[in-house]
Amino acid sequence: MEYYSRQIGRLIEELSGLPGIGSKSAQRLAFHILHMPLEHVEKLSASIMEARKNVKYCQNCYTLTDEELCPICRNPSRNRKMIMVVEDTRDLAAYEKTQKYEGVYHVLHGAISPMLGIGPNDIRLKELMQRLQEEVEEVIIATNSSLEGETTAMYISKLIKPTGIKVSRIASGVPVGGDLEYIDEMTLLRALEGRVEL
Ligand code: ZN
């Protein structure tokens with residue numbers, strides 16, 4: 001990046017380190033930022049800093065939040081006896097967009113992948129089992145339909161079955177290997193309504 005001065009080059013380099021941002025996009029973003037009013041740039045950088053510093057895991061469901069409990073866990077009208085297990089916070093957001101799910105969530109932060117060396121202890125499974133000490137009627141497993149998501153679903157269902165709590169899996173129809181966050185709300189809703197007991 002020798003044709004750019006040092007600070008411009010550095011901005012481009014930092015941006016191109018972000019996922020999905022190639023060098024062309026990084027240049028486009030950098031020059032966009034350089035043309036933004038200074039106060040907008042200050043707002044942008046402050047929001048990045050504040051979120052990074054203050055966002056942590058919800059004490060109950062482990063989604064990312066800037067408070068002890070996330071807004072869903074704090075909401076008294078949510079059904080605490082129904083827990084939907086998802087891989088990450090973006091999956092939770094995808095189900096929330098359907099506005100039809102009234103239960104609560106549990107965010108695993110990953111999926112079991114023997115190939116990548118990610119085992120049951122590397123995701124928030126222990127924490128899920130702890131939550132089942134309370135009164136829970138159903139656990140809906142909504143991990144992705146990838147190999148890792150299916151492996152995780154099988155593992156969880158085997159773990160929960162002996163407790164007598166109902167375990168269900170969202171219906172297929174969600175495309176195989178599909179990331180939940182890219183699937184439209186109708187498809188998600190159908191997958192949820194057509195869930196099958198494991
Ligand atoms: Zn929560």
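The values are calculated or read from the model by the stated rules, or taken from the named source; none is laboratory data. The model shown is predicted, which means the values in this text are computed figures rather than measured ones. Every residue, glycine as well, gets a Cβ built from its backbone with ideal geometry; the counts of neighbours run over all protein chains shown. Calculation scope for accessible area: heavy atoms of the full protein, side chains included, ligands and nucleic acids excluded. Shrake-Rupley method; radii C 1.70, N 1.55, O 1.52, S 1.80 Å.
Data overview
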{"quantity": "Neighbourhood net charge (15 Å Cβ-Cβ; Lys/Arg +1, Asp/Glu -1) for residue 120", "calculated": "-2"}
{"quantity": "Solvent-accessible area of residue 13 with every protein chain in place, 1.4 Å probe, in Å² to the nearest 10", "calculated": "130 Å²"}
{"quantity": "Cut-off under 5 Å, modelled amide H: who pairs with residue 118 long-range", "calculated": "113"}
{"quantity": "Cβ-based net charge around residue 14, under 15 Å, with every Lys or Arg adding one and every Asp or Glu removing one", "calculated": "+3"}
{"quantity": "Lysine pairs meeting the criterion (Cα under 28 Å, 8 or more apart or interchain), as found in region 1-154", "calculated": "15"}
{"quantity": "Over the chain, relative contact order from alpha-carbon pairs under 8 Å, at least 6 apart, %", "calculated": "15 percent"}
{"quantity": "For the chain, alpha-carbon Rg and Dmax in angstrom", "calculated": "20.2, 66"}
{"quantity": "Surrounding net charge for residue 79, when Lys and Arg each add one and Asp and Glu each subtract one, Cβ distance under 9 Å", "calculated": "+1"}
{"quantity": "DSSP-defined beta bridges in the chain - what % are antiparallel, rounded to 5", "calculated": "25 percent"}
{"quantity": "Amide H partners (placed H, <5 Å) of residue 85, local residues excluded", "calculated": "106, 140, 141, 142"}
{"quantity": "Region 38-96: relative contact order in percent, alpha carbon pairs under 8 Å with at least 6 residues between", "calculated": "18 percent"}
